[in-house]
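Chemist: Below you will find the structure I want to go over with you.
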Amino acid sequence: MEGLPTTTKSERRWRSKPLQTSKPSILMAFFSCVAWLYVAGRLWQDAENRTVLANLLKKNLGQRPKVLSVEDKLAVLGCKDLERRIVEAEMDLTLAKSQGYLKNHLQQKVSSSGQLLAVIGVYTGFGSHLNRNMFRGSWMPKGDALRKLEERGVVIRFVIGRSPNQGDSLDRNIDKESRSTKDFLILEGHEEAQEELTKKVKFFFSTAVQNWDAEFYVKVDDNINLDLEGLIGLLEHRRAQDGAYIGCMKSGDVISEEGKAWYEPDWWKFGDQKSYFRHAGSSLIILSKNLAQYININSASLKTYAHDDVSVGSWMMGIQATYIDDNRLCCGSIRQDKVCSLT
């Protein structure tokens with residue numbers, strides 16, 4: 001008789017084992033699901049945050065200010081109007097200088113027409129007292145004759161700066177002589193020293209145009225004699241000629257060897273040929289009023305070279321100056337009608 005199937009004890013243990021391991025598996029599966037949901041949630045949240053940030057960035061990019069120019073920055077800072085007023089003030093100052101309205105400087109108008117013909121500045125030094133007396137006894141008027149010449153519209157002054165030790169005996173002697181003869185133009189801002197000589201011409205033209213209203217300003221070296229009437233006639237012929245740069249025009253080699261006479265420290269600026277540009281010789285330089293005004297207004301930025309005549313020539317090159325080469329101003333020439341001669 002067939003009976004019911006029977007199972008042994010070992011078989012029962014084998015069948016119950018899966019039932020015992022299923023609980024940890026379920027727990028692991030549950031925690032895995034929770035972890036997956038957490039990660040998915042974070043990823044979704046990060047994606048949402050990135051979307052918000054991207055939208056904000058796009059919005060800010062549209063509102064970001066453009067790169068401002070200097071003009072825009074001046075306007076933003078409220079400086080545009082200030083800049084305009086500064087430019088206007090500078091223009092007014094330049095005009096005031098050109099018309100002679102300067103602090104502590106009143107123009108001395110002594111000619112009947114209201115404008116002088118010329119201001120002639122004769123270079124001199126502290127040790128040139130005898131030379132000055134020689135000029136006063138020859139071609140240069142003195143005393144009443146000097147005043148009468150000024151009534152004709154011509155002013156003549158010895159031009160000198162101040163001693164390196166201001167207020168010393170050199171300055172006191174010049175002040176005493178000036179009070180006696182009344183024929184000095186003392187350049188208060190200039191130091192009368194050999195190393196400063198090339199700057200003297202700038203101080204002379206600036207000071208002369210500030211003190212006198214004239215058609216011409218004439219620089220004269222102290223080693224020449226003048227035919228004063230001949231010079232006055234030459235200037236009368238040139239009246240009302242603006243931009244006139246008059247002299248004995250010359251050029252010459254630039255000396256580049258230090259220690260030699262006429263050495264030019266800036267020799268390298270004159271090119272490979274080492275030759276000076278055309279300029280009026282130092283002995284006698286004549287400028288019309290507007291050119292002297294140009295020197296006065298721009299004196300702070302004008303470059304000086306080793307020689308004053310080269311310096312003046314360099315200033316004239318950059319403006320609309322009319323070069324007038326007059327052989328009568330060549331003091332070493334053999335012309336009978338020359339207006340100057342070497343002493």
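The values are calculated or read from the model by the stated rules, or taken from the named source; none is laboratory data. Remember, it's a predicted structure, so these values are computed and weren't measured experimentally. Glycine also receives a Cβ, built like all others from the backbone with ideal geometry; neighbour counts cover every protein chain displayed. For accessibility, only protein heavy atoms count, side chains too; no ligands or nucleic acids. Shrake-Rupley method; radii C 1.70, N 1.55, O 1.52, S 1.80 Å.
Chemist: If you scan segment 170-188, which residues turn out to be surrounded by 12 or more Cβ atoms within 10 Å (Cβ to Cβ) and not polar (S, T, N, Q)?
Modeler: Once the filter is applied, which keeps residues that are surrounded by 12 or more Cβ atoms within 10 Å (Cβ to Cβ) and not polar (S, T, N, Q), segment 170-188 yields LEU170, ASP171, ILE174, ASP175, GLU177, LYS182, ASP183, PHE184, LEU185, ILE186, LEU187.
Chemist: Keeping to segment 277-304, report how many residues are over 30 Å from LEU228 (Cβ atoms) and touching an Asp or Glu at 6+ places or on another chain (Cβ under 8 Å).
Modeler: Residues that pass the stated criteria total 0.
Chemist: With respect to MET140, determine if the residue is more than 37 Å from the chain's Cα centre (by Cα), within 27 Å of GLN293 (Cβ to Cβ) and not basic (Lys, Arg). I'd like the intermediate steps shown before the answer.
Modeler: On the way: more than 37 Å from the chain's Cα centre (by Cα): yes; within 27 Å of GLN293 (Cβ to Cβ): yes; not basic (Lys, Arg): yes.
When the stated conditions are applied, MET140 passes them.
Chemist: Pick from segment 246-297 the residues that are of a type in the set (A, V, I, L, M) and modelled with pLDDT under 90: which of them is nearest to the chain's Cα centre (by Cα)?
Modeler: This residue is VAL254.
Chemist: Only residues that are open to solvent by less than 60 Å² (accessible area, probe 1.4 Å) and within 30 Å of LEU302 (Cα to Cα): list them for segment 313-338, please.
Modeler: GLY313, SER314, TRP315, MET316, ILE319, ALA321, ILE324, ASP326, LEU329, CYS330, CYS331
Chemist: Pick out the one residue from GLY127, GLY121, GLY161, GLY114 that is assigned to a loop (DSSP other than H, G, I, E, B), open to solvent by less than 30 Å² (accessible area, probe 1.4 Å) and of a type outside the set (Lys, Arg). First the steps, then the outcome.
Modeler: Working: GLY127 fails: open to solvent by less than 30 Å² (accessible area, probe 1.4 Å); GLY121 fails: assigned to a loop (DSSP other than H, G, I, E, B); GLY161 fails: assigned to a loop (DSSP other than H, G, I, E, B).
From the options GLY127, GLY121, GLY161, GLY114, the qualifying one is GLY114.
Chemist: Using beta carbons and a limit of 7 Å, which pairs, at least six apart or on different chains, have the first residue in segment 131-145 and on the phi < 0 side of the Ramachandran plot and open to solvent by 50 Å² or more (accessible area, probe 1.4 Å) and the second one assigned to a helix (DSSP H, G or I) and among the polar types (S, T, N, Q)?
Modeler: LYS142/THR181
Chemist: On to the next question. Checking GLY167 against (1) in a loop (DSSP other than H, G, I, E, B); (2) crowded, with 18+ Cβ neighbours inside 10 Å, only one condition comes out false. Which one?
Modeler: It is condition (2) that GLY167 fails.
Chemist: Scanning segment 233-262 for residues that are touching a residue at least 40 places away in the same chain (Cβ under 8 Å) and open to solvent by 10 Å² or more (accessible area, probe 1.4 Å), which turns out farthest from PRO141 (Cα to Cα)?
Modeler: Step one: filter segment 233-262 for residues touching a residue at least 40 places away in the same chain (Cβ under 8 Å), giving 234-236, 238-239, 241-249, 262.
Now narrow it down to the ones that are open to solvent by 10 Å² or more (accessible area, probe 1.4 Å): 236, 238-239, 241-242, 248-249, 262.
Numbers: GLU236: 19, ARG238: 23, ARG239: 23, GLN241: 27, ASP242: 28, CYS248: 25, MET249: 28, TRP262: 34 Å.
Filtering segment 233-262 for residues that are touching a residue at least 40 places away in the same chain (Cβ under 8 Å) and open to solvent by 10 Å² or more (accessible area, probe 1.4 Å), the one farthest from PRO141 (Cα to Cα) comes out as TRP262.
Chemist: Among the residues of segment 134-155, count how many are assigned to a helix (DSSP H, G or I) and closer than 14 Å to SER178 by Cβ.
Modeler: Residues meeting the conditions: 2.
Chemist: Among (1) within 23 Å of LEU235 (Cβ to Cβ); (2) open to solvent by less than 30 Å² (accessible area, probe 1.4 Å); (3) at pLDDT 90 or above; (4) touching a strand residue (DSSP E or B) at 6+ places or on another chain (Cβ under 9 Å), where does VAL310 come up short?
Modeler: (1)
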